[in-house]
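Note sheet for the following structure.
The values are calculated or read from the model by the stated rules, or taken from the named source; none is laboratory data. Since the structure is predicted, the reported quantities are computational estimates derived from the model, not experimental observations. Using ideal geometry, Cβ is built from the backbone for each residue, glycine included, and neighbour counts are taken over all protein chains shown. Only protein heavy atoms, including side chains, enter the accessible area calculation; ligands, DNA and RNA are left aside. Shrake-Rupley method; radii C 1.70, N 1.55, O 1.52, S 1.80 Å.
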Amino acid sequence: MKNIRLRVIAPSGEVKVSAPHRARVEDVLHFIAEKQVWIRQHQQRIQAQIPDTPVPEQDLEHLREPMKQRIAELLPIWEQRMHVRASSFGVRKMKTRWGSCNIRTRKIWLSLALAAKDEDLLEYVLVHELVHLKEAGHNARFYGFMDEYMPDWREKHKRLNPNARIRL
């Protein structure tokens, strides 16, 4: 290893530092001190992404099947509206996200934590992930699709992620 490396680990926000064997402890501590703003920004970003579920996820297990049934009802409606097709979907425990979309396999995953949220938020996350089948990144084109298909998505995003920012 040639350089000092710094990582912030999700979901805890723990900071890990790797340094070359020849590095002096004072130099490593100085490096960490210089990066305090960066560290705090990343810890806050991780904290903002953690689903804020008032119910422990193990208590949501009984809602997994009803949630899957609801997604199975919503998915074909939105696929038809948006002219996209997901290969499949799943529900799983997720520590830092509400959903994800594998662009290559076209599979959508939704967080079990959504079972504790209002149903319109489940629909919002589903639409968000389906938009990724049209546009992989979070850019102006992506947000244009969100505006087209779900004009009130910003309000839903704010309810789901009160501390997060939308970046363009």
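Things to note:
- Per-region count, segment 1-33, residues open to solvent by 60 Å² or more (accessible area, probe 1.4 Å) and farther than 21 Å from ILE46 by Cβ: 11
- Set GLU119, GLU155: member being farther than 15 Å from LEU74 by Cβ, charged (D, E, K, R) and over 15 Å from the mean Cα position of the chain (by Cα): GLU155
- All positions within segment 24-80 that are at pLDDT 90 or above and basic (Lys, Arg): ARG24, LYS35, ARG64, LYS68, ARG70
- PRO66 being more than 15 Å from the chain's Cα centre (by Cα) and assigned to a loop (DSSP other than H, G, I, E, B): no
- Pairs, first in a helix (DSSP H, G or I) in segment 70-87, second at pLDDT 95 or above, C-beta under 6 Å, six or more apart: ILE71/PHE89; LEU74/GLU123; LEU74/LEU126; TRP78/VAL127; TRP78/LEU130; GLU79/ARG85; MET82/LEU130; MET82/TYR149
- Pairing each residue of segment 7-19 that is in contact (Cβ under 8 Å) with a residue 12 or more places away in the chain with any residue that is in a strand (DSSP E or B) and open to solvent by 40 Å² or more (accessible area, probe 1.4 Å), provided the two are 6+ apart or on different chains, yields C-beta distances under 6 Å for VAL8/VAL15; SER18/ARG5.
- Of the set (1) out of contact with any helix residue (DSSP H, G or I) (no Cβ under 8 Å at 6 or more places or on another chain); (2) touching a residue at least 12 places away in the same chain (Cβ under 8 Å), all apply to ASN102 but (2).
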